[in-house]
Amino acid sequence: MQHNPRFLALVNEVRQRVDEVDVHQVKRWMEQSRPFVLLDVREESEWNKGHLPSAQYMGRGILERDIETSFPELDTPLVLYCGGGFRSVLAADNLQQMGYRDVISMDGGYRGWKDAGYPVEEDF
């Protein structure tokens, strides 16, 4: 997907403030049973086509509104992903501004996960 220049500039600026890991690191954490909440911040239509195992859906449209209800503890380890790692960076930055201290964006997103041959869940 070709992204617009201003969007990319915003993402690149925000990336300086957000921790990121790649899909392989998240997979290792899952295999090690590292405790974290995996949040899919894509659109609901994307979620319905497939998502990472054990992921919970909380799209960008509702994330900031609903995060405190689902995860009131500001030290909750959160790993966010989207389609490729751009929206999740922006979402992670917002959560950090809301006081969450352990937020990570998964670089590569769902596409990177799938391209690596890792399992996905599909709701059909």
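Computed from the coordinates by the stated procedures, all read-outs in this text should not be read as laboratory data. Predicted, not measured: the structure shown is a model, and the values here were computed from it. Cβ: placed from backbone, ideal geometry, glycine included. Neighbour counts: every protein chain shown.
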- [ ] Indicate, rounded to the nearest 5 percent, the antiparallel portion of the DSSP beta bridges found entirely in the chain.
- [x] 5
Open item on the list: Please arrange Glu68, Glu31 by how many other C-beta atoms lie within 10 Å of their C-beta, fewest to most.
Closed with: Glu31, Glu68
TODO: Distance between Cα centroids, the stretch 96-112 to the stretch 21-94: provide it in whole Å.
DONE: 7
- [ ] Please work out which option in (i) 55, 27, 21; (ii) 50, 20, 17; (iii) 19, 18, 15 gives semi-axes √(5λ) of the Cα gyration tensor in Å calculated from these coordinates, and answer with its label.
- [x] (iii)
Task: Fully extended contour minus Cα-Cα distance, from Val21 to Glu121, at 0.36 nm per residue - done: 33.9 nm
Task: Selection from Asn4, Gly59, Val14, by position along the positive dipole direction of the chain (Cβ) - done: Asn4
Open item on the list: Regarding the stretch 1-50, what's the average projected area of the Cα-atom convex hull, expressed in nm²?
Closed with: 5.1
Open item on the list: If the only charges are +1 at each Lys and Arg Cβ and -1 at each Asp and Glu Cβ, what is the size of the charge dipole of the stretch 5-115 around the Cα centre, to the nearest 20 debye?
Closed with: 300
TODO: Provide the net charge surrounding His51, with neighbours chosen by a C-beta distance below 11 Å and charges set as Lys +1, Arg +1, Asp -1, Glu -1.
DONE: -3
Task: Helix-derived mean residue ellipticity, 222 nm - over the chain, DSSP H n ≥ 4, -39500 (n - 2.57), to 500 - done: -11500 deg cm²/dmol
